[in-house]
Every structure is written in structure tokens, then in C-alpha cells.
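Visitor: I have a structure here, written as C-alpha cells, and I will follow up with some questions on it.
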Amino acid sequence: MSNTRFRQCAAAFLLLAGVGMAVAGFVVEPTGSISESVLMFTAQAFICAGSFVGIDVLLNEKVKGLFRKIKKAEDS
């Protein structure tokens, strides 16, 4: 299995786990209330899945481009 395929599978698993935990948090007693630990797990799963698919790389490039534009505007 290639590295890219593994990251995609891991990201899909983490997304499903995060959504599953969030739904389970609403279903179990006390119904309709979700604990902080479930929210923390869900957030961490989403962040990790996002980093696996390269969202962090995309955001870094966008921020660098923004800084370049600002610097270019200041130099003008």
C-alpha cells in the first residue's frame, strides 16, 4: 500500500471515528449532552485527518502567499 493511499485511508477512518464519537455522545446517557472528552477526541480526529490529506500544506502556502503580497505592497 502506498504512503498516499495509507494517509487517505487513515484520514477516512479518523473522520468516521470522529463523527461516530460525536453521534454516540448525544445518544448515550445523559441524552442530548456531550462531554468535553468526546468533543476533544472529535476535534483531534478532525485535525489529524485534515493534516493527513494536506490541508496544513495548503494553508501554509496560502499564508506565505498573503505575506508575499503584503511585503510587495509595503515595498511599493
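The values are calculated or read from the model by the stated rules, or taken from the named source; none is laboratory data. Just so it is clear, the model here is predicted, and its values are computed rather than measured. Methodologically, a virtual Cβ is constructed for each residue, glycine included, from the backbone with ideal geometry; neighbour enumeration extends over all protein chains shown. Surface areas here come from the heavy atoms of the whole protein model, side chains and all, with no ligands, DNA or RNA. Shrake-Rupley method; radii C 1.70, N 1.55, O 1.52, S 1.80 Å.
Visitor: Quantify, in whole percent, the carbon and sulfur part of the accessible surface of the chain (1.4 Å probe; protein heavy atoms only).
Guide: Exposed carbon and sulfur together represent 69 percent of the surface.
Visitor: Would you mind getting the accessible area per residue of the chain, heavy atoms of the protein chains only, 1.4 Å probe, in Å²?
Guide: Here the per-residue accessible area is 80 Å².
Visitor: I'd like the orientation of helix 55-75 relative to the chain: the angle between its Cα long axis and the longest Cα principal axis, in ° from 0 to 90, rounded to 10.
Guide: In the chain, helix 55-75 runs at an angle near 30 degrees to the longest axis.
Visitor: Give the residue from Ala43, Leu58, Ala22 lying farthest towards the positive end of the charge dipole for the chain; charges sit on Cβ (+1 for Lys and Arg, -1 for Asp and Glu) and the dipole is referred to the Cα centre.
Guide: Of the candidates, Leu58 comes out farthest on the positive side.
Visitor: Separate question: Cα axis of helix 3-27 to longest principal axis of the chain: angle in degrees, 0 to 90, nearest 10?
Guide: Value to nearest ten degrees: 50.
Visitor: Given charges of +1 on the Cβ of Lys and Arg and -1 on the Cβ of Asp and Glu, with all other atoms neutral, how large is the dipole of the chain about its Cα centre, in debye to the nearest 20?
Guide: Around 520 debye, computed over the chain.
Visitor: 222 nm [θ] for the chain, helices only, -39500 (n - 2.57) per DSSP H run of 4+, per residue, to 500?
Guide: One gets -28500 deg cm²/dmol as the mean residue ellipticity at 222 nm.
Visitor: Now, a different point. Taking just the alpha carbons, could you work out the radius of gyration and Dmax for the chain, both in angstroms?
Guide: Computed over the Cα atoms of the chain, radius of gyration and Dmax are 18.4, 61 Å.
Visitor: Of Met40, Met21, which has the most accessible area and how do the rest follow, probe 1.4 Å?
Guide: Met40, Met21
Visitor: If packing is taken as the mean number of other Cβ atoms within 10 Å per residue, what is the order of 7-13, 24-30, highest first?
Guide: Per-residue mean Cβ counts within 10 Å order the peptides as 7-13, 24-30.
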